[in-house]
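In what follows, a structure is listed as structure tokens, so that the remarks can point back to it.
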Amino acid sequence: MDKLYQAGNKETRPNEMTYTAVLNSCAFPAVLDPRTRRKALDTAIFTLAELRASRYGQPNHVTYGTFILACANLLPRNDEMRRQVLEQAFHQCCTDGQVNEMVLANLRRAAPPDLFHELLPESVHSGRQAVSIEDLPPEWRANVRDRRKTGPWRGKHSNHIARTERLKP
């Protein structure tokens, strides 16, 4: 898409949703052999890095959550690389203010328990069984936007979504 866009096809401009879709495809490879998993992981790491460096947008909470899910699905649980990649991605997510419920849930699933607790401030998990998004520092979630209400894709069903959300208890 980038090459097409650079060649003048303005309809193919990639954005964070495009990159996130690539990450999602990496998270669920059709073949699960070690070689395919490694290729999918390399693609996921490259895709996140490319988005961070691009002029097409920046990773959002869905991007980071999907990347963390890819790590969970592609790397063995006790792999040192899994720890390193998750730690780096989560720190960047916090710095970008993009931690939301999805990121936190996927991190809880992907990270070994000791790493999960290591990544959170001591005050958040000391003596608690569960950690919620409200327990985290506000700056970690400061830039999360609810795309259902503010996104550019609001179409003919957006009024139905808004009505449904108002009805929820």
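Taking the conditions exactly as written (surrounded by fewer than 15 Cβ atoms within 10 Å (Cβ to Cβ) and either among the charged types (D, E, K, R) or at positive phi (or both)), does K10 satisfy them or not?
yes
Test H61 against the criterion of being within 17 Å of L115 (Cα to Cα), of a type outside the set (V, I, T) and modelled with pLDDT of 95 or more, and give yes or no.
no
Would you mind telling me which numbered condition in (1) at pLDDT below 90; (2) surrounded by 15 or more Cβ atoms within 10 Å (Cβ to Cβ) W140 fails?
Checking W140 against (1) at pLDDT below 90; (2) surrounded by 15 or more Cβ atoms within 10 Å (Cβ to Cβ), the one that fails is (1).
Which of (1) of a type outside the set (A, V, I, L, M); (2) at pLDDT below 95; (3) under 14 Å from Y64 (Cβ atoms) is the odd one out, the single condition P34 does not satisfy?
For P34, the exception is condition (3).
Can you tell me which residues in the range 1-42 are over 19 Å from D79 (Cα atoms) and among the β-branched types (V, I, T)?
T12, T18, T20, V22, V31
Can you find a residue that is in contact with a helix residue (DSSP H, G or I) (Cβ under 9 Å, 6 or more places away or on another chain) and farther than 25 Å from T12 by Cβ anywhere in the range 40-50?
Yes; the residues of the range 40-50 include at least one that is in contact with a helix residue (DSSP H, G or I) (Cβ under 9 Å, 6 or more places away or on another chain) and farther than 25 Å from T12 by Cβ.
Output the qualifying pairs, or none if there are none: Cβ atoms under 6 angstrom, residues six or more apart or on different chains, first residue in the range 1-24 and closer than 15 Å to S54 by Cα, second residue basic (K, R).
Sorted first by the residue in the range 1-24, then by its partner, the pairs are Y5/R13.
Could you figure out which of (1) farther than 20 Å from P138 by Cα; (2) modelled with pLDDT of 95 or more; (3) among the acidic types (D, E) isn't true of D2?
That leaves (2) as the condition not met.
The values are calculated or read from the model by the stated rules, or taken from the named source; none is laboratory data. What you see is a predicted model; the values in this text were computed from it and never measured. Because the Cβ atoms are built from the backbone with ideal geometry, glycine has one as well, and the counts that use them run over all protein chains shown.
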